[in-house]
């Protein structure tokens, strides 16, 4: 779907967004968690998403992570990207979204949330622009305003960022 093919009502919602909050497993990763014989955890993150987040910040917007797992991998990735809104071990995602919105003096209509599984459903329903991925549960697909073209772990967040930046005339990828 090109920008021109985005329904007017969806485009209007997306244009209002100034903060993206994202789940991690299944969105910024493919949902796989690797644990070695010593219990060390590792995750794979897409560089497409990473560069998209940098472009998002460069355009003056905010980005944050809300995840049910407590993971040092996530903290390392967040630090690498300059993400300072991070909530680990949080399954009450709607409440976390509401707290973050209040801390940043934003109405929920200015926030996009992207998630892939049932704990994300209340957050997707609460925000101004709810987003999911092709491999998400059916409940999320029905509730979301937008389903990314790329799957989680392979540029789904980048899809969302490109959509919003292009709709707002801010898609500028040159250094």
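Using only Cα atoms, find the angle between the long axis of helix 72-81 and the longest principal axis of the chain, and express it within 0 to 90 degrees, rounded to the nearest 10.
Taking Cα atoms only, the helix is inclined about 40 degrees.
Hey, how many Å between the Cα centroid of the stretch 94-137 and the Cα centroid of the stretch 41-57?
With the stretch 94-137 and the stretch 41-57 each reduced to a Cα centre, they are spaced 19 Å.
Can you compute the helix-only [θ] at 222 nm over the chain? Use -39500 (n - 2.57) per DSSP H run of at least 4 residues, normalise by all residues, nearest 500 deg cm²/dmol. Don't skip to the answer; put the middle values down first.
Numbers: 7 runs with 65 residues, N = 175.
After summing the helix terms and dividing by the residues of the chain, the value is -10500 deg cm²/dmol.
Hey, what did the chain get for relative contact order, percent, Cα under 8 Å, at least 6 apart?
On the way: 327 pairs, mean separation 50.3, N = 175.
Relative contact order, the chain: 29 percent.
On a 0 to 90° scale, report how tilted helix 93-103 is relative to the longest principal axis of the chain, with both axes built from alpha carbons and the result rounded to the nearest 10.
The two axes meet at around 70 degrees.
Could you work out how far helix 156-167 tilts from the main Cα principal axis of the chain, as a 0 to 90 degree angle to the nearest 10?
20 degrees
Can you put 45, 91 in order, fewest other beta carbons within 10 Å first?
On the way: 45 19, 91 13.
Ranked by crowding around the Cβ, least crowded first: 91, 45.
Beta carbons within 10 angstrom, averaged per residue: use that to sort the peptides 112-122, 54-64, 3-13, highest first.
Numbers: 112-122: 24.0, 54-64: 16.9, 3-13: 12.2.
Those peptides, ordered most packed to least, come out 112-122, 54-64, 3-13.
Only the coordinates and a few stated rules stand behind these numbers; no lab work does. What you are looking at is a predicted structure, and each value in this text was computed from that prediction instead of being measured. For neighbour counting, all protein chains shown are included, and Cβ atoms are generated from backbone atoms with ideal geometry for every residue, glycine included.
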